[in-house]
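**Q** Supplied in structure tokens, the structure appears directly below.
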Amino acid sequence: MDSWPKGIAAITLFVEDLAATRQFYVDVFGLPVHFEDEDSAVFAFGDTLLNLLRIEQASELIEPAAVAPREAGARFQFTLEVDDADAMCERLAERGVDLLNGPMDRPWGPRTASFVDPSGHIWEIAH
């Protein structure tokens, strides 16, 4: 029997402004675009593909579930492990990123900081 799950193959984020969000990921994460078409842009985060999908195309992907607008509030955050949260915050500032919070020491151990992409998705860095 195959083991399940084997890992997250892809995450799809629904975005209002594909061009701005795509450019943010190129500029901030320094990643090349893995694939793109008029409705999406895909980036490889290690073995996981991150698909930015125009929100107008999201309904057919998740029906009968509803697509929530950005204004509905945050329901998750992505965490990226870094060697030095303070140094990464400086690099993010150089790339024009405004921090949502941090860097700060958390009671459960790591030092973290968070920022938001143009579509409202929250990213945290931690060490």
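Every read-out reported here was derived from the displayed coordinates using simple, explicitly stated rules and does not represent laboratory data. Just so it is clear, the structure is predicted and the values come from calculations on it, not from any experiment. As a convention, Cβ positions derive from the backbone with ideal geometry for all residues, glycine included, and neighbour counts pool all protein chains shown.
**Q** What is the chain's relative contact order, in percent, from Cα pairs under 8 angstrom and six or more apart in sequence?
**A** 23
**Q** Which whole-Hz couplings ³J(HN,Hα) result when phi for each residue of segment 83-96 is put into the Karplus expression 6.51 cos²θ - 1.76 cosθ + 1.60, θ = phi - 60°, listed in order with x for Gly and Pro?
**A** Each residue of segment 83-96 in turn: 6, 8, 4, 5, 5, 5, 4, 5, 5, 5, 4, 5, 8, x Hz.
**Q** Once you have the Cα-Cα distance between MET104 and ILE11, take 0.36 nm times their residue separation minus that, and quote the gain in nm to one decimal.
**A** Working: separation 93, 0.36 × 93 = 33.48 nm, distance 2.74 nm.
Working it through step by step, the gained length comes to 30.7 nm.
**Q** Please state, to two decimals, what the Cα-based radius of gyration of segment 1-67 comes to when divided by 2.2 N^0.38 Å (N = residues).
**A** Details: Rg = 13.4 Å, N = 67, 2.2 N^0.38 = 10.9 Å.
Here the Cα radius of gyration is 1.23 times the empirical estimate.
**Q** I'd like the projected area of segment 46-112, averaged over all directions, using the convex hull of its alpha carbons. Report it in nm² with one decimal.
**A** Working: hull surface 28.1 nm².
Over every viewing direction, the Cα hull of segment 46-112 projects on average to 7.0 nm².
**Q** Run the simple label-point estimate for ALA87 and ARG70 please: 7 Å along Cα→C-beta, distance reported in nm.
**A** With each label placed 7 Å out from Cα toward Cβ, I get 3.2 nm.
**Q** Quick check on segment 1-67: of the DSSP beta bridges with both residues there, what percent are antiparallel, nearest 5%?
**A** Details: 8 of 14 bridges.
If I count the DSSP bridges inside segment 1-67, around 55 percent turn out antiparallel.
**Q** Have a look at the DSSP beta bridges in the chain and tell me what percent are antiparallel, nearest 5.
**A** On the way: 17 of 28 bridges.
Just about 60 percent of them are antiparallel.
**Q** What is the sum of charges around PHE43, taking Lys and Arg as +1, Asp and Glu as -1, for the other residues whose C-beta is under 10 Å from the C-beta of PHE43? Walk me through the intermediate numbers first.
**A** Working: positive: ARG22; negative: GLU36.
Local net charge: 0.
**Q** Within the chain, what is the longest stretch that has no GluC sites (Glu not before Pro) placed in a DSSP loop and near at most 14 other beta-carbon atoms within 10 Å? Before the final figure, lay out the partial values.
**A** Numbers: sites that count: GLU16, GLU38.
That would be 39-127.
**Q** May I ask you to list the chymotrypsin sites (Phe, Trp or Tyr not before Pro) in segment 80-127 that are in a DSSP loop and have at most 12 other Cβ atoms within 10 Å of their Cβ? Write down the numbers at each step before the final one.
**A** Values: sites: TRP108, PHE115, TRP123; in loops: TRP108.
When the chymotrypsin sites (Phe, Trp or Tyr not before Pro) of segment 80-127 are filtered for loop state and at most 12 Cβ neighbours within 10 Å, TRP108 remain.
**Q** Still on this structure, please answer the following. With the crude spin-label approximation of a point 7 Å out along Cα→Cβ, what separation in nm comes out for GLU36 versus ILE122?
**A** With each label placed 7 Å out from Cα toward Cβ, I get 2.8 nm.
**Q** So, one more: State the label only: which of (i) 47, 42, 38; (ii) 64, 39, 22; (iii) 43, 41, 30 corresponds to Cα extents along the principal axes in Å computed from the shown model?
**A** Structure-derived value, by its label: (iii).
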